[in-house]
Amino acid sequence: MFKGAIVAIVTPFKNGKVDEETLRELIEFQIENGTDGIVPCGTTGESPVLSHDEHDRVIEITVDAVKKRVPVIAGTGSNSTEEALRLTRHAYEVGADGALMVCPYYNRPTQEGLYQHYKFIAENVPIPIVIYNIPGRTGVNMTPETLARLAKVKNIVGVKEAAGSLQQMADIISLCGPDFSVLSGDDFFTFPLLCLGGHGIISVVSNVAPADMAAMVDSFNAGDINKARELHYKTTPLVKALFIETNPVPVKAALALMGKIEYEIRLPLVKLSDANLENLKKTMKSYGLIA
């Protein structure tokens with residue numbers, strides 16, 4: 001079961017290319033600060049603008065750098081089932097521990113289409129699969145009932161749930177059972193989801209504050225609910241600041257301010273507006289991330 005505070009790691013660029021050395025440094029920073037898993041090539045990793053060769057390479061680097069110290073759950077989703085199959089097979093062959101697969105976007109399949117898409121890939125690649133449900137980006141919401149059907153497929157093991165509904169999260173937990181990993185796809189919902197019986201977070205905030213996100217989940221699981229709640233309220237201003245514009249623009253700005261990456265974003269995304277950059281700086285100074 002995948003659980004805990006898992007980072008959706010950024011893909012650092014330098015002079016227009018993937019910065020492989022910096023990616024390895026970011027991975028070490030995460031593991032040193034208690035992160036429970038690494039997700040390369042997710043939305044935060046700018047997967048839509050990576051070439052197929054870059055996508056494969058980022059996963060290969062991550063697997064090599066992590067060296068089985070924590071799980072690597074590689075982003076392998078696509079709105080083409082055949083393309084998702086190829087990406088997932090590659091992740092399996094290079095040693096990833098799981099695959100994170102976004103619901104097919106733009107072509108807006110029915111619930112039956114969603115079911116058949118995931119079932120087909122799961123039956124053809126023996127890797128644990130986490131479904132990524134984010135209707136705000138894909139245009140389609142996977143219902144708890146469809147997830148319950150998919151939970152019966154042997155290697156479909158969890159969901160990154162980002163529909164923004166605690167009711168839907170609760171329904172998924174109820175229908176899919178305790179062995180199905182229900183992970184938040186929105187940092188703000190981490191603590192509420194844990195209270196409902198969820199298993200953790202695939203986090204953007206962990207890129208800049210991994211120790212606090214890990215401590216929130218660890219404290220909750222250790223029975224220290226007050227400490228977990230305190231960390232929820234501590235991180236909330238940072239959550240707001242890191243989503244002031246489209247992810248991953250703010251988190252890349254934050255990491256650049258921390259001196260960890262070059263501030264490079266690929267079009268069609270652009271850098272933060274001056275006003276939002278100033279707001280981000282204020283939040284980070286208040287949090288203690290920058291001087």
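Remarks
- Spatially proximal lysines relative to residue 271 (Cα-Cα < 22 Å; intrachain offsets below 8 disregarded): 14, 17, 240, 252, 260, 281, 282, 285
- Beta bridges assigned by DSSP with both partners in the chain are antiparallel in approximately 5 percent of cases.
- Taking Cβ atoms as reference points and 15 Å as the exclusive limit, the residues near residue 14 contribute a net charge of -2, counting Lys and Arg as +1 and Asp and Glu as -1.
- Chain lengthening between residue 263 and residue 282 when straightened (0.36 nm per residue, less Cα-Cα): 5.0 nm
- Cross-link partners of residue 68 among aspartates and glutamates, defined as those whose alpha carbon lies under 12 angstrom from its own and excluding same-chain residues fewer than eight positions apart: 36, 97.
- In the stretch 237-287, the chymotrypsin sites (Phe, Trp or Tyr not before Pro) that fall in loop regions by DSSP, at most 16 other Cβ within 10 Å: 263
- Mean residue ellipticity (222 nm) of the chain, computed from DSSP H runs ≥ 4 via -39,500 (n - 2.57), nearest 500: -14500 deg cm²/dmol
- Alpha-carbon radius of gyration plus Dmax, which is the widest Cα pair, for the stretch 79-175 in Å: 12.6, 37
- Prolate/oblate/rounded label for the stretch 4-224 (Cα gyration tensor, a/c 1.5): oblate
- The stretch 206-291: C-alpha gyration tensor shape, a/c 1.5 cut-off, then a/b vs b/c: prolate
- Sites residue 221 and residue 17, calculated FRET efficiency, Cβ-Cβ separation with R0 41 Å, nearest 0.05: 0.55
- Neighbours of residue 176, meaning other residues whose beta-carbon lies under 15 angstrom from its beta-carbon, give a summed charge of +1 when Lys and Arg score +1 and Asp and Glu score -1.
- Taking Lys and Arg as +1 and Asp and Glu as -1, the other residues whose beta-carbon sits under 14 Å from that of residue 111 total +1.
The numbers here are math on the coordinates, done by the rules we state, and not lab data. Everything numeric here is computed off the predicted structure, so don't read it as measured data. As a convention, Cβ positions derive from the backbone with ideal geometry for all residues, glycine included, and neighbour counts pool all protein chains shown.
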